[in-house]
1. Looking only at residues that are of a type in the set (D, E, K, R) and assigned to a helix (DSSP H, G or I) in the stretch 423-441, which one is surrounded by the most Cβ atoms within 10 Å (Cβ to Cβ)?
2. Which one of these is under 30 Å from GLY577 (Cα atoms) and among the charged types (D, E, K, R): ASP113, ASP131?
3. Just checking, which of LEU524, LEU581, LEU542, LEU614 is closer than 30 Å to ASP4 by Cβ and modelled with pLDDT under 85?
4. Quick one: would you say ASN44 is crowded, with 21+ Cβ neighbours inside 10 Å and touching a helix residue (DSSP H, G or I) at 6+ places or on another chain (Cβ under 8 Å)?
5. So which residues in the stretch 28-80 are assigned to a loop (DSSP other than H, G, I, E, B), modelled with pLDDT of 85 or more and over 27 Å from GLY137 (Cβ atoms), if there are any at all?
6. Given ALA565, ALA571, which one is touching a Lys or Arg at 6+ places or on another chain (Cβ under 7 Å) and either modelled with pLDDT of 80 or more or under 18 Å from TYR155 (Cα atoms) (or both)?
7. Any residue in the stretch 512-521 that is surrounded by fewer than 16 Cβ atoms within 10 Å (Cβ to Cβ), of a type outside the set (A, V, I, L, M, F, W, C) and within 28 Å of TYR155 (Cβ to Cβ)?
8. Take LYS579 and tell me if it is part of a loop (DSSP other than H, G, I, E, B), in contact (Cβ under 8 Å) with a residue 40 or more places away in the chain and in contact with a Ser or Thr (Cβ under 9 Å, 6 or more places away or on another chain).
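The values are calculated or read from the model by the stated rules, or taken from the named source; none is laboratory data. Just so you know, these numbers come straight off a predicted model, no measurement behind them. With ideal geometry, Cβ positions are generated from the backbone for all residues, glycine too; neighbour counts draw on all protein chains shown.
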Amino acid sequence: MRFDQIVIKNYRQYQQLDFVFPHGAHDLHIIVAQNGVGKTNLLNALTWCFYGKEPHLGNSDPTKGKPIINATTVEEARKNGISEEEVVVTTYASDGQTKLIYERCLPVKIGRDTLFREKEIFSVRVSLGQDYKTYEGEAAKPFVECYMPESIRKYFYFDGEQLNNYFLSATPEVRAAIYAISQVDLVSKINNRLGDVIKQYGKEAAKNQPDIQVFSSATEEAGKAIEAAQKDITELKEQITKSTAAIEQISSELRDQENLPELEVKYQDSQNHKSTLDQKRADIIERMLSFIRQQRIALTFCVVAQKAIEVIDQKRAEKALPPNIDKEMLIGILHDHRCTICNHDLSSKEEAHIKELIDKFQVSSATSNILTGMYDELKRLVAEARSYPSDKAKLADELSSIDAEIKKNDKTVVDLLVRIGKFDDKGHVRQMYEDRNHHKMLIETNTKKLGVAESRLSLSQESQLKANNALSKALGQIDECKYIKELIDFAADCQRIMRETESEIMADIRVQMEDQTTTRFLQLIWKKNAFKKIILSDDYRLDLISTDDYSCVGTCSATERSLLALSFTLALHEVSGFKSLLFIDTPIARASDVNRTNFAEVLKVVSENKQIILTFAPSEYSSEIKQVFAPVAASSVSITLENEQNVRKVVD
C-alpha cells in the first residue's frame, strides 16, 4: 500500500493543508520545514488518523498542552459565532486496484472560554471499482491492521532522532514485531483454551469422586503456580533485557566521552590535595623561620661559646673546678664548730680539714655549677652553628620538593578543569552515568530473582507432573471417568503440539528475519568488507557481526545503526507481507557528514520499490543531500509558517 494524498483540516498547525504523492520511477517524496513548523506533527497527524494516537508529541498525556484543534480556527469560530468545528485527517491510499480512504474526525464544541472534544469517528472507505463501501469504528480497524498493524507501527513511521539507537533500546519492540508478523498469538490463544478445557474436564470428573477432586485441585494449583512463575520469568527477562539495552545505549552515547563523574572526583581529590600541600608548605616556612631565629643566636655566640668551652676544658684539666660543695657553708660550719648536716661538734682534726678545703678552692662550688651547667648549652650552640649549612639545605630541599608537587598538582587541576569544561550538559552526562549504574544494579538484582523464579517453576512443574499422573491413574480406575480421561489426554496432547508449533513458528520467523535483514544490510551497506552477518538471538536482541566475528552493534557508527534499523524494517515488510510505505522524520539527524550522502543513496535505492516520505529541516537538506534526492524525487515541497499558528505549503 502507498499514500496518494493526505488532507489535513484544523489539526494543530495545519488549518488546511494537503499533500499529493504522485507516482514516479522513484517513489520518493521530500518535505522540508524549519524546526517547530510542523514536520513531527505531520507524522503525528498520520498516526492519529490510523490509530487515534499522537506518540511524537513529546508529552505522554495528549490532553495536556495545546488543544488538538487549530488555534486560528477556534479564534475565527468564536469571532463568527460558530459553536462547532471538526479536526479531520484524511489519507487516500491504494493497493494495486484497491482504493482506500482512511479518515478520523473529531467534532469539537467551541465555547467562549472552553473547548469540548466529542467522540472521534474513524472510518475507512474501500473501493475495487467506482463504488465505495464505508466501514466505521471496530469494523474499520482490520483495514489498518492488514496493512500497518498498530503493534508494529514503529516500523512504518520512524523518528530519525531515534533511528540510530533503535536496536540498543527496542528489544521488546523487536519481540512484539516478530509475534505480530508470525501471528503466533492465535496459537497461544488455542493453547490457553486447551488448558481451560483440561481444567473443565478435571472439574467434571471430580464432582462425585473425592480422590479425583483432590488430584484435580492439586493439578490446578500447580498450573496456577506455573503460570505465576512463567509470568515472573518473562517480566524479569524483559527487565534484564531492557536494562542491558539501556546500558548499551548509554555506553554508546558515552563511548567517545571521558568519564565525567570520575573526572569530577579526581578534580575534588586534586583540590583537597592542594589544601594539604599548601598546609605542608606553610609548615615548612614556619620551620624555616624558627630555624633562622634559633640559628641567629647560635651563629652570634658561636665564637664566644667556643672560647668558654676551651676555658672550662682547661680548668677541668687543671682540676681547678671544685666538686659540687658550697664554700660559704663550709665557712659557717667552721665558725659554729658544729656540722650543720649531722649536728655533731667538730674535732680539731675535722676543723683543720675544712680549713684546708676552703684554702684549696679558688672558686666557689656555685660558680663551678654555673660553668658546668653552661658547658652543655655552649656545646649545643656550637653544634647548631656547625650544622647550619646542612640543616638549611635540607629545609630548602623540602620547600623545593613541595613547590614542585604543588606546581604539578596545579597543572592537574587546570587540566581537569579544561576536560570537565568540554561537557556542554554536565547534568545530563552525570545522569547517564547514574542511570547506567542503576541498570547494572537492576540486572544483578533481577538476575537473582530470575534464578528464584526458575527454581519455583521447576518445582511447580514437578508438582504438576505428579498430580497429573495421580489424576490420570485415578481416572483410569473408574469406569465412568475413562472417557473423560481420554478427552483430557487428547487435549493435553493437542496442547503439547500447540506449544511445539508456537516454538517452531517463532524459530522459523526469527531465522527468516535474520536472513532477510542480513541480505538487505549487506546489499545496502557501503562498507562491503566490514560486516559478516546479523544475528537475532533467542531473546530477540539484534546484533551485527563484523568480518572478524566481533559483535559491533554497540560500536558501529550512528549511520550504520540507522541502516541496520532500515534493513530490519525492510525485512519485516518482506517476511510479513506488510509491504507498506516508510515515513521517516529527520532521517539523517544523527548521521555524520561523511555518511549522510551514503545513507541518502541507500534511501534512493530503496525508493525504487517502496514509497518513502522524508521530512527534513533546511539545514539537514544540504546541497549534498539535495544532489542525491532532487533528480529522482517524485515530489518535493516546503512548509513554512504563515503566522504563529498556521503553516502553508510551497511546492519546490
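1. Checked the stretch 423-441; the qualifying residue surrounded by the most Cβ atoms within 10 Å (Cβ to Cβ) is ARG436.
2. On inspection, the qualifying residue turns out to be ASP131.
3. LEU524
4. no
5. The first filter runs over the stretch 28-80 and keeps only residues assigned to a loop (DSSP other than H, G, I, E, B), leaving 34-38, 52-68, 70.
From the residues that got through so far, the ones that are modelled with pLDDT of 85 or more too are 52-54, 67-68, 70.
Correct list: empty.
6. Only one candidate passes the filter, namely ALA571.
7. Yes; the residues of the stretch 512-521 include at least one that is surrounded by fewer than 16 Cβ atoms within 10 Å (Cβ to Cβ), of a type outside the set (A, V, I, L, M, F, W, C) and within 28 Å of TYR155 (Cβ to Cβ).
8. No, not satisfied.
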